[in-house]
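In what follows, a structure is listed as C-alpha cells, so that the remarks can point back to it.
What follows is calculated from the coordinates using simple rules that are stated; it is not laboratory data. Just so it is clear, the model here is predicted, and its values are computed rather than measured. FYI the Cβ positions are ideal-geometry reconstructions off the backbone, even for glycines, and counts take in every protein chain you see.
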Amino acid sequence: MSARVPTLLMAMAVVLAATGLADARPDSRSMGCAQIRAMIQNHRAVVLTTGPNTYDRYVRQFGNGCDWPEVPMSAYVPSRDGDCPVYRCEEPVNNFPN
C-alpha cells in the first residue's frame, strides 16, 4: 500500500499542474477591450485565447516585445464588446523594389 502513495501523489500533481496551465491563458472573448489592452500594457506581452482552438501572443505598440526582425503590427482580437485593436509581432513587408 505504501508504494501506491508516491504514485498517487505524482498523479495528483500532474492533474493540478495541467489545470493551472489551462487557466494561465486568458480568453479574450470573455474580457472587455479596455481590460485586454490594460493587461497587455501591464505585462508587455500576453498570450490570449481567441477562439475554441486558437491563441496568439499580443504585445505593446512600443517596446521590445518582439524579436528581431519582427515589429508590432496591428491586429484585432474578439472581445466581449466587439473586435479589439491590439498589436502582434510580425515580420514587416518589404515593398521596396530590388
Considering only region 26-90, percent of DSSP beta bridges that pair antiparallel, nearest 5 | 95
Give, as a single signed number, the net charge of other residues whose beta carbon lies under 9 Å from the beta carbon of VAL71, with Lys and Arg counted +1 and Asp and Glu -1.
-> -3
Add +1 for every Lys or Arg and -1 for every Asp or Glu among the other residues with Cβ under 9 Å from the Cβ of ALA45, and state the total.
-> +3
Chymotrypsin sites (Phe, Trp or Tyr not before Pro) within region 29-98: which are DSSP loop residues with at most 14 other Cβ atoms inside 10 Å?
-> PHE62
How much length, in nm to one decimal, is gained on full extension between VAL93 and MET39, taken as 0.36 nm per residue of separation minus their Cα-Cα distance?
-> 16.6 nm
